[in-house]
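Chemist: Following this message is one structure expressed as structure tokens.
Taken together, the values in this text are just the output of simple stated rules run on the coordinates, not laboratory data. Computed from a predicted model, the values in this text were never measured in an experiment. Cβ: placed from backbone, ideal geometry, glycine included. Neighbour counts: every protein chain shown.
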Amino acid sequence: MFEIQNIETSTFFCEPWPSGLQKISQLVRGILEPFFGPDRLSNINHFYKRKEGQKMMKRLFAVSVLLVLAAAGWVGFRSFAAVVADSDSDENPRQVVEAFYDAYFNSMGDRSSGEFHNPLVEKTYRELPQISPALMERVDAELEASESIAYDPFLCAQDIPGNITVKEVIIDSDLAVVVVETDFVGHRFTVELEQMDAVWKIRAVLCE
């Protein structure tokens, strides 16, 4: 970040500008100073008082504004591209997470009728295609190393929530983060995904 100190707008432009435009002139000076140096930029300021200098400064100002707008446009384009990637893919991270938890809850059976199945004990989670092989192996190892299951690593809870809702989706290239929330008060956790061969897979569930 460029440091700008003691800038007199009246010496940088012919006449003082309104306060809002003064900030723009300061930003322009901060962009130009690393290229021209403070001494040369001061000479340009004095040269600006003549007609030729006025034209030159206008051109430099226009170029600087274009650079600022181009940088802002690039940031906006990246955000737009991430949204398009999320919405146009056959199965985006949101859909993968929702499909996984729908299938995970369905594998438990009808809890109200007493026909409950534990997907961790019965290892039915291994049949769900949304999980990456690496995550499946880690869960297998954790279950084998523990004499009892302290909590569900996919739900980040000891009890089973009534529902799970996707609250936020962040996509960066072939990685994605999905923040989910359950109907337990203040209970939320993060699901990480990775795109493997154009298919999104859950690679980690991070309990907060």
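Chemist: What shape does region 90-207 take by its C-alpha gyration tensor, where a ≥ b ≥ c are the square roots of the eigenvalues and a/c under 1.5 counts as rounded, a/b above b/c as prolate, and the rest as oblate?
Modeler: Details: a/c = 1.64, a/b = 1.33, b/c = 1.23.
Note, shape of region 90-207 comes out prolate.
Chemist: Quick check: residue separation of residue 170 and residue 91 times 0.36 nm, minus the Cα distance between them. What number comes out in nm? Show your work: numbers first, answer last.
Modeler: On the way: separation 79, 0.36 × 79 = 28.44 nm, distance 1.48 nm.
This chain segment gains 27.0 nm when fully extended.
Chemist: Compute the FRET efficiency between residue 117 and residue 195 as 1/(1 + (r/R0)^6), taking r as their Cβ-Cβ distance and R0 = 35 Å, and round to the nearest 0.05.
Modeler: Numbers: r = 31 Å, r/R0 = 0.88.
That gives a FRET efficiency of 0.70.
Chemist: Quick one: check the C-alpha center-to-center distance for region 144-202 versus region 108-130, whole angstrom.
Modeler: If you average the Cα positions of each part, the centres end up 17 Å apart.
Chemist: A further question on this structure: Taking a ≥ b ≥ c as the square roots of the Cα gyration tensor eigenvalues, with a/c under 1.5 meaning rounded and otherwise prolate when a/b beats b/c, else oblate, which class fits region 142-201? Intermediate values should be presented prior to the final figure.
Modeler: On the way: a/c = 3.18, a/b = 1.35, b/c = 2.35.
Taking the square roots of the gyration eigenvalues as a ≥ b ≥ c, region 142-201 is oblate.
Chemist: Multiply the residue gap between residue 137 and residue 99 by 0.36 nm, knock off their C-alpha separation, and tell me the result in nm, one decimal place.
Modeler: 11.6 nm
Chemist: Another question, if that's okay. How far is it, in nm, from the label point at residue 207 to the one at residue 159 when both lie 7 Å from their Cα along the line to the Cβ?
Modeler: 1.6 nm
Chemist: Would you please give the residues with an amide H less than 5 Å from that of residue 196, counting only those at least 5 places away or on a separate chain, with H modeled from the backbone geometry?
Modeler: Counting only residues 5 or more places away or on other chains, the set is 201.
Chemist: At a Förster distance of 25 Å, what's the computed FRET efficiency of residue 149 paired with residue 184, Cβ-Cβ distance as r, to 0.05?
Modeler: Values: r = 18 Å, r/R0 = 0.72.
That pair, residue 149 with residue 184, gives E of 0.90.
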